[in-house]
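Working notes, beginning with the structure itself.
Please treat every number below as a calculation from the coordinates, not as lab data. Because the structure is predicted, anything quoted here is derived from the model rather than measured. Here the Cβ positions follow ideal geometry from the backbone for every residue, glycine too, while neighbour counts run over all protein chains shown.
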Amino acid sequence: MSLGIKCEYYPRITREILENRLKMVRENKKKWDDPFFNDTKTYLNLEQIKQVSNQFINDKLKNIIVLGTGGSIQTLLALEHLSQKRIYPITNSRAVELEKCLDETNAEDSVVIPISRGGETLDINSTIGIFVKNGYKFLGLSSKGTMNEILKKLGCPILDVPDLSGRFAGSISNVGIVPAYLSGIKIEDFLSGLEQGYKVFMNFDINPAFEFAIFLFELYKKGYKVVFSMPYSRNLEGGVGLFVQEISESTGKEGKGLMGSYQSAPICQHSVLEYLLGGTKGAVIPILWTVKNDNPDLTLESSIEYVNGQTAQTIINFQADATIQALLEQGVPSAKISINNPKETNIGQLISFIQSTVYYLCLLLDVNWASNPKVVIGKKICNEALKNKASIEQRIREREKVAESCFRDFFS
């Protein structure tokens, strides 16, 4: 099957290494739960989604306000550029974002969608009340916990959130598909692209996602610990954000793993490229993400002969190609991931590539791809401090006490 996505990586992995790692992946997959994220049908009822969502769709609807964080919103952000409505991703109670959203929307032209699997996410629960106070309509995505109880009291429609690893579940459940549908995104095309990708990438054989995972794993074994992504289109930044979350949260456990990070390109060429080219080697893996035909695009007018008449995206893609070549000339292992265009089908294929890659990488590292056991530590500390109304001084003293215990003689 021909897909609208291509992955280059250098240096290339030998056939012998690929086949040896394939044996490792096939063996390690028995240790963990089977992947659910390549099942694009079981967790979705498109008829129900449309029936419930259509209650909110009318000529006045302009804004989709999504209260969600992490896996509850990242898939939607990968599709945000395709929305026919204005999407307001409210990921926490930071006043700047909340105030801007309230200033630019109103109860008559908006629907608020709170999303939480466990229902106890403080970032989300703390923001619901301010929209209730202002009379906004709600469509909840929830199955249990405090948030579910709040939504029941509001009497709003509630669709379920499956008890699955959130960062992998957004694309094949109500979590990502409901707000996408309300936003006017072509969800059938997206799901079709997702399914097409998984048929190629999740076959437990040598394929582009499997090879990319091995590339990252072999560099990890050599001491590389950070994957730095450079998205050369605004339309790719949501998908890259999903990659950053999945590679960090899925592989980063048991003292293992890779840290994901990114900065928009080509501005990152003017901020971090000097380090990548001339700084510490053997620490960072640069990944460039590009679109062959972006939307929108425009033709440039310039007094520079070789720029005049070129499209804006053509210039961007020349810069991307020059950057990866410069990295390779300086002995920096690098990769470039490209899609034909940022439409729904290709974004589906891109997400299938990302999730397949991370899954294979976790099997190579021999860690549970679906868990994130340490994330709750900070949440418990925060909730306890809030309940106890701990002052700033008390919180500082607590940190000092912890640091003294954990870092005794650290710099000696």
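Residue ranges 188-199, 112-123 sort as 112-123, 188-199 when ordered by packing (mean number of other C-beta atoms within 10 Å per residue, highest first). Sorted ascending by nearby beta carbons within 10 Å, beginning with the fewest, 204, 410 become 410, 204.
Distance between the 7 Å Cα→Cβ label points at residue 308 and residue 412: 7.2 nm.
Would you work out if segment 221-296 is rounded, prolate or oblate? Take a ≥ b ≥ c from the square roots of the eigenvalues of the alpha-carbon gyration tensor; rounded if a/c is under 1.5, else prolate when a/b is larger than b/c, oblate otherwise. Taking the square roots of the gyration eigenvalues as a ≥ b ≥ c, segment 221-296 is oblate. Within the straight-line cut-off of under 19 Å between alpha carbons, the lysines reachable from residue 6 are 199, 292, 336, 343, sequence neighbours fewer than 8 places apart in one chain being disregarded. Multiplying the residue separation of residue 34 and residue 386 by 0.36 nm and subtracting their alpha-carbon distance yields 122.9 nm. Computed from the Cβ-Cβ distance with R0 of 25 Å, the FRET efficiency linking residue 366 to residue 10 stands at 0.45.
Kindly state, to the nearest 0.05, the FRET efficiency for residue 55 paired with residue 26, given R0 = 56 Å and r defined as their beta-carbon distance. My answer for the efficiency is 0.75. Dipole check for segment 235-299: with +1 at the C-beta of Lys and Arg, -1 at the C-beta of Asp and Glu, and the Cα centre as origin, the magnitude is about 240 Debye. When the Cα positions of 138, 316, 230 are compared along the charge dipole of the chain, 138 comes out farthest toward the positive end, with charges on each C-beta of Lys, Arg, Asp and Glu. Which of rounded, prolate, oblate describes segment 355-412, given a ≥ b ≥ c as roots of the alpha-carbon gyration tensor eigenvalues and a/c under 1.5 marking rounded, otherwise prolate only if a/b is larger than b/c? Oblate shape, in that a/c is at least 1.5 and b/c is the bigger or equal ratio.
Think of it as helices only: each DSSP H run of n ≥ 4 in the chain is worth -39500 (n - 2.57), and spread over all residues that comes to -14500 deg cm²/dmol at 222 nm.
With a cut-off of 19 Å, note down the residues of segment 159-178 whose backbone N falls inside the zone around a label point 7 Å from the Cα of residue 234 toward its beta carbon. No residues fall inside that zone.
Here the scattering of the chain is modelled by Debye summation over its C-alpha atoms, one equal scatterer each and no solvent; at q = 0.06, 0.12 Å⁻¹ the log10 of I(q)/I(0) is -0.27, -1.06. Going by neighbour counts of Cβ atoms within 10 Å, the residues 147, 202 line up, fewest first, as 202, 147. Of all beta bridges that DSSP places with both ends in the chain, some 20 percent have antiparallel geometry.
Hey, if you put +1 on the Cβ of every Lys and Arg and -1 on every Asp and Glu Cβ in segment 274-412, which of 293, 359, 325 ends up farthest toward the positive end of that dipole? So the residue we want is 359.
Our analysis of segment 293-412 gives Rg over Rh at 1.20, with the two radii drawn from alpha carbon positions and Rh computed by the Kirkwood formula. When the Cα gyration tensor is reduced to axis lengths a ≥ b ≥ c, the ratio a/c is 1.5 or higher for segment 174-237, and with a/b not above b/c it is classed as oblate. In this Cβ point-charge picture (+1 for Lys and Arg, -1 for Asp and Glu), the chain has a dipole of about 1080 debye about its Cα centre. What the phi angles of segment 389-402 give under the Karplus curve with 6.51, -1.76 and 1.60, with θ = phi - 60°, is a coupling list of 6, 5, 6, 4, 5, 5, 5, 5, 4, 5, 5, 4, 5, 5 Hz, glycine and proline written as x. Taking packing as the residue-averaged number of other Cβ atoms within 10 angstrom, the listed peptides 315-325, 21-31, 80-90 run from highest to lowest as 80-90, 315-325, 21-31.
The relative contact order of the chain, computed from alpha carbon pairs under 8 Å that lie at least 6 residues apart in sequence, is 22 percent. Each Cα pair under 8 Å and six or more residues apart adds its separation to the average, and for segment 109-210 the resulting relative contact order is 21 percent.
Distance from the alpha carbon centroid of segment 35-56 to that of segment 260-305 works out to 36 angstrom.
Peptide packing for 41-53, 384-396 was compared via the average number of neighbouring C-beta atoms within 10 Å per residue; ordered from the highest value, the list is 41-53, 384-396. Here the 3J(HN,Hα) profile of segment 159-176, calculated from phi with Karplus coefficients 6.51, -1.76 and 1.60 at θ = phi - 60°, is 9, 7, 10, x, 7, 10, 4, x, 5, 9, 8, x, 7, 10, 9, 4, 3, x Hz, Gly and Pro shown as x. Note on segment 343-398 and segment 151-189: Cα centroid distance 19 Å, given to the nearest whole angstrom.
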